[in-house]
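Structure first, commentary second.
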Amino acid sequence: MQEAMIKRAKELLADGSVKRVIGWKRGEFAYDITPAVFESAEELDKDFVFDVFTSANVSKYLVKESKKEGKVLVFLKPCDTYSLNQLTKEHRVDRDNVYVIGIPGGPKLDIEKIRAKGITGILSVRNENFTLKIETLYGEETMPFSDAILDKCASCKSKKHVTYDELIGEDGDILDSDRFDMVEKLENMTAQERYDFWREQLSKCIRCNACRNVCPACTCEKCVFDDPASGVENKAAADSFEEKMFHIIRAFHVAGRCTDCGECSRVCPQNIPLHLLNRKFIKDINSLYGEYQAGADTTSRAPLTDYTAEDCESSIVHERGVE
Amino acid sequence: MQVNENKEFQPLIVAFCCNWCSYAGADLSGTNRLNYPTNVKIIRVPCSCRVNPMFILRAFQRGADGVILCGCHPGDCHYTSGNYFTRRRMTLLFSMLDFLGIERDRTRVEWVSAAEGAKFAATMNEFTEAVKKLGPNRRLEDLRCRKQ
């Protein structure tokens with residue numbers, strides 16, 4: 001796969017149809033793979049990588065890259081194409097300036113889950129017939145592939161590319177996913193239990209803003225949380241309000257625009273299940289205003305910029321569920 | 001939150017009222033000599049859809065125990081469709097607050113027209129009682145803003 005991608009990228013760079021390539025490159029370790037922009041065949045040969053850890057959604061990088069001169073080649077997994085569609089719809093990305101090659105999606109791996117098994121000193125990870133061969137400083141270890149899958153890939157919603165110019169590999173289908181199970185479980189708890197759950201989770205927040213920075217829907221040039229006068233622009237010691245404010249508003253601002261790519265939870269250094277907040281909004285929108293998948297197309301109206309005269313009153317929240 | 005001399009809890013209620021209907025409704029309840037609690041502090045907004053979810057959280061941060069949002073009845077918005085957007089927005093916000101375990105009776109949306117002075121007073125009486133029962137807002141308060 002990696003070879004096929006590099007080969008195609010080189011061809012497109014050589015005939016001048018694209019100026020830059022967005023993909024992934026290795027970081028300090030084999031598993032900390034980071035998005036990168038490549039401008040020459042040599043760079044591609046040296047650094048380009050595509051393997052079980054290339055989970056980052058690179059569509060957000062197009063906001064800046066597509067404004068530069070010349071076309072950009074981008075490799076997108078199915079889930080990433082939803083984000084691109086959403087960005088195109090919001091006029092954040094100039095789709096004409098982007099050449100999309102669809103590549104097969106995950107499942108991708110979570111290094112933390114491998115570490116949780118007590119495996120340290122990891123040098124490389126290979127997938128052989130759904131068994132991971134992990135080479136470490138202390139010898140080789142193995143573990144089942146399914147035990148190390150990223151949470152966002154474990155509840156994958158779609159393997160279908162919603163936008164692409166060409167495909168490498170096969171296109172998949174929209175899947176039946178169990179992604180709302182955890183939201184439902186929380187909804188069935190009492191208010192006190194939910195409060196305790198979220199206080200425990202959100203109090204871990206260190207306000208690194210990684211969830212905001214990685215989110216392909218969070219592309220405001222000026223963010224309300226960068227304003228020092230707001231009183232919530234950074235971590236306040238011993239105060240939980242600032243965490244709640246940040247996380248409610250972060251999730252609310254992408255409500256109806258969130259494609260559920262799961263990047264917020266993936267990048268969280270404190271492992272807060274932030275995607276649950278986004279999924280709560282998605283679930284509510286689906287049940288109250290009709291099924292809606294952000295990024296599935298570039299023409300539909302987002303639920304929060306639309307209305308009908310027959311919409312339910314907000315008192316519905318007071319009437320349903322567990323108190 | 002205020003505590004008066006006999007230590008009875010007096011909630012602080014923030015009411016966002018739209019300029020065209022609910023604010024006029026509040027005015028009418030005043031000219032009709034109808035009583036509603038002094039706990040209610042009205043903030044006039046040009047339209048109920050002017051209220052950003054952050055305003056509501058901000059009110060709780062600064063010590064409100066309950067927040068109520070009043071606007072024109074659906075279909076009667078001075079700007080044609082503002083309150084329809086409010087309705088969707090607030091439904092989702094309240095649902096999220098509920099999801100986080102914040103007491104659901106601390107927030108409410110009520111449609112009050114300029115002719116409904118009596119409804120305004122009744123709504124405020126009822127809402128203040130409900131919040132009084134819940135007690136001080138502890139789950140969504142900012143300790144830095146608490147008055148000594």
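Miscellaneous remarks
- Apart from one condition, A:N188 fits all of (1) closer than 29 Å to A:P107 by Cα; (2) among the polar types (S, T, N, Q); (3) surrounded by fewer than 19 Cβ atoms within 10 Å (Cβ to Cβ); the exception is (1).
Here is a yes/no grid of residues against (1) under 16 Å from the mean Cα position of the chain (by Cα); (2) at pLDDT 95 or above; (3) more than 18 Å from B:R62 (Cα to Cα):
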| residue | (1), (2), (3) |
| --- | --- |
| B:D98 | no, no, yes |
| B:M124 | yes, yes, yes |
| B:P136 | yes, no, no |
| B:R139 | no, no, no |
| B:D142 | no, no, no |
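- Residue that is nearest to B:R89 (Cα to Cα), among those in the range A:297-311 that are among the hydrophobic types (A, V, I, L, M, F, W, C) and surrounded by fewer than 16 Cβ atoms within 10 Å (Cβ to Cβ): A:A302
- Helices (runs of 4 or more DSSP H) within the range A:26-132 that include 2 or more residues more than 20 Å from the chain's Cα centre (by Cα) and charged (D, E, K, R): A:41-47
- Which numbered condition A:S155 misses (of (1) surrounded by 16 or more Cβ atoms within 10 Å (Cβ to Cβ); (2) at pLDDT below 90; (3) out of contact with any Ser or Thr (no Cβ under 6 Å at 6 or more places or on another chain)): (3)
- Contact map, the range A:272-298: residues that are among the basic types (K, R) paired with residues that are outside any helix (DSSP H, G or I), Cβ distance under 8 Å, separation 6+ or inter-chain. Pairs shown: A:R279/A:R179; A:R279/A:F180; A:R279/A:D260; A:K283/A:F180.
A quick yes/no check of all residues on (1) within 19 Å of A:T298 (Cβ to Cβ); (2) in contact with a helix residue (DSSP H, G or I) (Cβ under 6 Å, 6 or more places away or on another chain); (3) at pLDDT 90 or above; (4) in the same structural domain as A:C215 (by TED's automatic domain parsing):
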{"site": "A:P35", "(1), (2), (3), (4)": "no, yes, yes, no"}
{"site": "A:E39", "(1), (2), (3), (4)": "no, no, yes, no"}
{"site": "A:V49", "(1), (2), (3), (4)": "no, no, yes, no"}
{"site": "A:A56", "(1), (2), (3), (4)": "no, no, yes, no"}
{"site": "A:V63", "(1), (2), (3), (4)": "yes, no, yes, no"}
{"site": "A:K67", "(1), (2), (3), (4)": "yes, no, yes, no"}
{"site": "A:K77", "(1), (2), (3), (4)": "yes, no, yes, no"}
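- Selection within the range A:202-227 - within 17 Å of B:D142 (Cα to Cα) and in a helix (DSSP H, G or I): A:L202, A:F225
- Tally, over the range A:279-296, of residues that are in a loop (DSSP other than H, G, I, E, B) and either at positive phi or surrounded by 14 or more Cβ atoms within 10 Å (Cβ to Cβ) (or both): 6
- Summed over the range A:252-278, residues that are surrounded by fewer than 24 Cβ atoms within 10 Å (Cβ to Cβ) and either touching a strand residue (DSSP E or B) at 6+ places or on another chain (Cβ under 6 Å) or part of a helix (DSSP H, G or I) (or both) total 6.
- Pairs where the first residue, in the range B:74-85, is closer than 10 Å to B:W20 by Cβ and the second is of a type in the set (D, E, K, R) and assigned to a helix (DSSP H, G or I), C-beta under 8 Å, 6+ apart: B:G82/B:R50
- Residue list for the range B:81-120, restricted to those being at the interface with another protein chain (Cβ under 8 Å from one of its Cβ atoms), hydroxyl-bearing (S, T, Y) and touching a helix residue (DSSP H, G or I) at 6+ places or on another chain (Cβ under 7 Å): B:T91, B:S95
- Filter pass, A:F241 being within 30 Å of B:L134 (Cα to Cα), at the interface with chain B (Cβ under 8 Å from one of its Cβ atoms), modelled with pLDDT under 90 and crowded, with 16+ Cβ neighbours inside 10 Å: yes
- Residue identified as surrounded by fewer than 22 Cβ atoms within 10 Å (Cβ to Cβ), of a type in the set (D, E, K, R) and out of contact with any Ser or Thr (no Cβ under 8 Å at 6 or more places or on another chain) among B:R33, B:R88: B:R33
- Residue check for B:R144: surrounded by fewer than 16 Cβ atoms within 10 Å (Cβ to Cβ), of a type outside the set (A, V, I, L, M, F, W, C) and at the interface with another protein chain (Cβ under 9 Å from one of its Cβ atoms): yes
- Screening B:T86 with (1) assigned to a helix (DSSP H, G or I); (2) over 19 Å from B:T128 (Cα atoms); (3) over 14 Å from the mean Cα position of the chain (by Cα); (4) not acidic (D, E) gives one miss only, at (3).
Here's the yes/no breakdown for (1) within 30 Å of B:H78 (Cβ to Cβ); (2) outside any loop (DSSP other than H, G, I, E, B); (3) in contact (Cβ under 8 Å) with a residue 12 or more places away in the chain:
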{"site": "B:S113", "(1), (2), (3)": "yes, no, yes"}
{"site": "B:E126", "(1), (2), (3)": "yes, yes, no"}
{"site": "B:P136", "(1), (2), (3)": "no, no, yes"}
{"site": "B:K147", "(1), (2), (3)": "no, no, yes"}
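- Leading residue by the ranking (nearest to B:A59 (Cα to Cα)) among those in the range B:13-42 that are without any contact (Cβ under 8 Å) to a residue 40 or more places away in the chain and part of a loop (DSSP other than H, G, I, E, B): B:T38
- Restricting the range A:157-201 to residues that are part of a loop (DSSP other than H, G, I, E, B) and of a type in the set (A, V, I, L, M), the residue that is nearest to A:T298 (Cα to Cα) is A:V162.
- Among the residues making up the range A:186-235, those that are closer than 19 Å to B:F60 by Cβ, within 11 Å of chain B (Cβ to nearest Cβ) and touching a residue at least 60 places away in the same chain (Cβ under 8 Å) are A:A191, A:L202.
The values are calculated or read from the model by the stated rules, or taken from the named source; none is laboratory data. This structure is a prediction, so every number in the text was calculated from the model and none was measured. We place every Cβ from the backbone using ideal geometry, glycine too, and count neighbours over all the protein chains shown.
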